[in-house]
Amino acid sequence: MPRGSSTLGSAGTAPSNYGQSSHGLRGDYSRMRPDYTVDQDWSAYGEAEHERWRRLYRRQIELVPGRACEDYVAALMPLGYEAGIPRFEDVNARLGRATGWRLVAVPGLVPDLVFFEHLAARRFPVTWWIRDEREFDYIVEPDVFHDFFGHVPMLFNPVFADYMEAYGKGGIKAHGLGALKWLARLYWYTVEFGLIRTPEGVRIYGSGILSSPSEIDYAVVSPKPRRVAFDLMRIMRSQYRIDAFQETYFVIDSFDQLFEATAPDFTPLYQELATLPDLAANAALPEDRLVS
Ligand code: HBI
Ligand code: FE
């Protein structure tokens, strides 16, 4: 498997929203299967890549206590990630037993509909390549560290795992209704940048924060961002920034609350959203219930 080439893969088509940036997609999309999956080819990782993973892991694991939610920490610790880039099949053996989810290797970002079809079938697409040294502190497109360190542990939580499947099914429907702009915001403000209220205070379950060396502190400690109680319509109206700390975070009370939010038919919500203006990422509404 050729290492992640920098040219835009022939079959690769950029997804409509996630992580949109000026450079083309960097993965090698030329050898993938029709569902955009590839083999991880674990033997092809060099010592330099395993060593970079270990440095990323050692830095990030120091920042987890007091910031990440308990469910995340409980799932992360037994995974033994510190040794190097994990083998997908090793994690799949454990993850399958826990929640029936499976990780599939992909060349990088995949089109929205492909992504949703995998989620709806309890398959989480994980990028197989690891970031370059110069991207050590920040990378636009998800790499194997963001996906493994950020997303995989949460998939061990049964209720969150059910939410991710429901989200995938909702995404397929939203794609058909032309409503992706709104539903992608729900993914952004929960799966990637979500906070949860706990007796010890606000904690993190969002993968974009958990895999960030700086935002993992900012999201919990800084007085600058607004932390607003979870509100589905408020979230789906809210724009977001992909290249800066979030100005607004949404805080759930529980994963049950998050799963229940996906229960209703979203079609009437999309019809209402079409009549409402978007909200800026830093909007402050009088009805916002702030969470300290
Ligand atoms: N592809 N590999 C990958 N990983 C993602 O997180 C991802 C994606 N494609 C689309 C996508 N996310 C977004 O559309 C989400 O908002 C759903
Ligand atoms: Fe992600």
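Here, each number is a calculation from the coordinates, and none is a lab measurement. Given the structure is predicted, the values throughout are model-derived calculations rather than measurements. Here the Cβ positions follow ideal geometry from the backbone for every residue, glycine too, while neighbour counts run over all protein chains shown.
Run Arg134 past the list (1) touching a residue at least 24 places away in the same chain (Cβ under 8 Å); (2) surrounded by fewer than 21 Cβ atoms within 10 Å (Cβ to Cβ); (3) part of a helix (DSSP H, G or I) and report the number of the one that doesn't hold.
The single condition Arg134 does not satisfy is (1).
In the range 236-271, what count of residues is obtained for those that are closer than 19 Å to Gly178 by Cβ and assigned to a helix (DSSP H, G or I)?
7
Take the range 205-222 and flag every residue that is near ligand 2 (Cβ under 10 Å from one of its atoms) and part of a loop (DSSP other than H, G, I, E, B).
Gly206, Ser211
Within the range 68-121, considering only helices (runs of 4 or more DSSP H) that don't extend past its boundaries, which have at least 3 residues that are touching a Leu at 6+ places or on another chain (Cβ under 7 Å) and away from ligand 2 (no atom under 15 Å from the Cβ)? Even if it seems obvious, please write down each step before you answer.
Working: elements: 70-76, 88-99, 112-120.
Hits in the range 68-121: 88-99.
I need the full set of residues from the range 56-73 which are surrounded by fewer than 20 Cβ atoms within 10 Å (Cβ to Cβ) and among the hydrophobic types (A, V, I, L, M, F, W, C), in order please.
Answer for the range 56-73, where residues must be surrounded by fewer than 20 Cβ atoms within 10 Å (Cβ to Cβ) and among the hydrophobic types (A, V, I, L, M, F, W, C): Ile61, Leu63, Val64, Val73.
In the range 147-165, what residues are small (Gly, Ala, Ser) and within 13 Å of ligand 1 (Cβ to nearest atom)? Spell out how you get there, then give the answer.
The initial filter retains those residues of the range 147-165 that are small (Gly, Ala, Ser), namely 150, 161.
Hit for the range 147-165 is Gly150, nothing else.
Being within 20 Å of Asp278 (Cβ to Cβ) and either among the polar types (S, T, N, Q) or buried (at least 19 other Cβ atoms within 10 Å of the Cβ) (or both), is that true of even one residue in the range 145-168?
Just the residues of the range 145-168 that are within 20 Å of Asp278 (Cβ to Cβ), to begin with: none.
Scanning the range 145-168 turns up no residue that is within 20 Å of Asp278 (Cβ to Cβ) and either among the polar types (S, T, N, Q) or buried (at least 19 other Cβ atoms within 10 Å of the Cβ) (or both).
Kindly list, by first and then second residue, each pair from a residue in the range 206-221 that is within 16 Å of Tyr189 (Cβ to Cβ) to a residue that is within 14 Å of ligand 1 (Cβ to nearest atom) and part of a helix (DSSP H, G or I), limited to pairs with Cβ atoms under 6 Å and residues at least 6 apart or on different chains.
Going by the 6 Å Cβ cut-off, the qualifying pairs are Gly206/Glu192; Ser207/Gly150; Ser207/His151; Ser207/Glu192; Gly208/Glu192; Leu210/Gly150.
Of (1) in contact with a strand residue (DSSP E or B) (Cβ under 7 Å, 6 or more places away or on another chain); (2) on the phi > 0 side of the Ramachandran plot; (3) without any contact (Cβ under 8 Å) to a residue 60 or more places away in the chain, Gly80 satisfies all except one. Which?
It is condition (1) that Gly80 fails.
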